[in-house]
Structures are given as structure tokens and as C-alpha cells.
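Taking it in order: structure first as C-alpha cells, then the write-up.
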Amino acid sequence: MMMLFGTLIGIIVAQRGIELVVAKNNERWMREKGAREFGESHYKWIVVMHASFFLILIAEVFMLEKSAITWWALPFTIFLLAQAGRIWALTSLGRYWNTKIIVLPGAKLVKKGPYRWLSHPNYAIVTIEFLVIPLIFEAYLTCILFTLLNGLILLKVRIPEEEKALGWATEQVGNK
């Protein structure tokens, strides 16, 4: 079980590392084109939350000697579907995708892929991940804590800030 846990966490952390490299490249490209960043003050808390998720998950699983639930295939399947959704959301945004809120004046709002139906599909996917990854390994404390933190940070801070940024970018298009 610990090998399964370590492998899964290793893959997710590697995936996040690759995403950070892509985000940095996209940020550089967008800033060269005159993009503006919003929500700088809360971004560090997003980073702390995501890093803490893995640290607390690892601590809970090892310290409390958790193991995979007998019906692990269900949450694992949901996790895999969420990963497909994550890739779909990120590729739909292309060079505009970022972990920060960076908008480029004059760029059209992306309305393809999952963005046809949801304004913030990646945030829904993160919520699913915070539920199912700990659930696979009976890490119920991590599941509850980060589902609540994520909800508070996303619903109360991040999404309104992103909407404000998209509104600003839309106004810039209208003023041209």
C-alpha cells in the first residue's frame, strides 16, 4: 500500500512541477504582451495550501498508518477522470493558462473545451482532488480540512478576484 501511495503522490507532485514550468513560461509570454496580474496578495496562500495538502496528507497516512480503502477503485477512477478534465481545461486555455491570475488586455475570453459550460473548471477539479486523493487512503482529516480550506479560499477570495480580472480585460477590449 505504501508503494501505491508513494507512487501516486510522486506522480501528482511531478505533474504539478511540470505545470509550474508551463505556467512560468506562459506568464513570461503574457507579460511580454502587456498582461496584468491580479490577486498577488493571496497567491502565496494558494501555494501554501497546495503544498500543505501534500505534507499533511503524507503525515496523516504515515503517522496514523492509513491504508487504501477496500473500494479504492471508485475514488481512483474519479481522480483519473479529474486528471483528464485538468488536461482538457489547461489545453483549452493554451498559453493563457496560469496558476496566477494574469490577464492579457484584448484577448478574447476562452469559451471552448470545458469553459463552454463552467467558468472555472480547474477549480472544480482541484476540489474533486482534495476530496478523492485523501479518500483513497482513508485520510479523512486531510479530506475534510482541505475541502473546507479550498472552498473558503476559492469561493471567498480567488474566484471573485479572477472574475474582477476578467471584467477588467473585457473592459479593455470594449475601450479599443
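The values are calculated or read from the model by the stated rules, or taken from the named source; none is laboratory data. In this text the structure is predicted, and so the values were computed from the model without any measurement. Note that each Cβ is placed from the backbone with ideal geometry, even for glycine, and that neighbours are counted across all protein chains shown. The area values use the complete protein model at the heavy-atom level, side chains included, leaving out ligands, DNA and RNA. Shrake-Rupley method; radii C 1.70, N 1.55, O 1.52, S 1.80 Å.
Net charge within 15 Å of Met30 by Cβ-Cβ distance, Lys/Arg positive one each and Asp/Glu negative one each, not counting Met30 itself?
Combined, the nearby Lys, Arg, Asp and Glu give +3.
Would you mind checking Lys66/Lys156; Lys24/Lys164; Lys111/Lys164; Lys44/Lys66 for any pair whose Cα atoms are more than 28 angstrom apart?
Too far apart for the 28 Å limit: Lys66/Lys156; Lys44/Lys66.
Hey, what do the phi angles of region 57-65 turn into as Karplus ³J(HN,Hα) couplings, whole Hz, using 6.51/-1.76/1.60 and θ = phi - 60°, x for Gly and Pro?
Whole-Hz 3J(HN,Hα) from phi for region 57-65: 4, 4, 4, 5, 5, 6, 5, 9, 6.
Which cross-chain or sequence-distant (5 or more) residues have an amide H under 5 Å from the amide H of Ile101, H modelled 1.01 Å from N in plane?
Under 5 Å from the amide H of Ile101: Phe38.
Translational diffusion coefficient, Stokes-Einstein: compute it for the chain using the Kirkwood radius over C-alpha pairs as Rh, at 4 °C and 1.567 mPa s, and state it as an integer in µm² s⁻¹.
75 µm²/s
Taking only DSSP H segments of four or more residues, each worth -39500 (n - 2.57), what value at 222 nm results for the chain once the sum is divided by all its residues, to the nearest 500 deg cm²/dmol?
The per-residue figure over the chain is -24000 deg cm²/dmol.
Rounded to the nearest whole Å², what accessible area per residue is found for region 1-65 with the 1.4 Å probe?
For region 1-65, the per-residue accessible area is 60 Å².
In nanometres, what is the gap between the two model label sites at Leu81 and Leu155, each 7 Å from Cα along Cα-to-Cβ?
2.2 nm
If you take the beta carbon distance between Lys44 and Lys112 as r and set R0 to 41 Å, what does 1/(1 + (r/R0)^6) give as a FRET efficiency, to the nearest 0.05?
Working from the Cβ atoms, E equals 0.85.
Expressed as a fraction of 2.2 N^0.38 Å, the rule-of-thumb size for a compact globular protein of N residues, what is the C-alpha radius of gyration of region 89-136?
Against the compact-globule rule of thumb, the ratio is 1.33.
For a quick check, take a GNM of the chain with Cα springs below 10 Å and name the residue from Ile136, Ile101, Ile12 with the largest mean-square fluctuation.
Ile12
Considering the Cα positions of region 104-176, please state its Rg to one decimal place and its Dmax as a whole number of Å.
So, for region 104-176, Rg and Dmax equal 16.0, 54 Å respectively.
Gaussian network model of the chain, Cα springs within a sub-10 Å range: biggest mean-square fluctuation belongs to which of Leu90, Leu104, Leu55?
Its mean-square fluctuation being the largest, the pick is Leu55.
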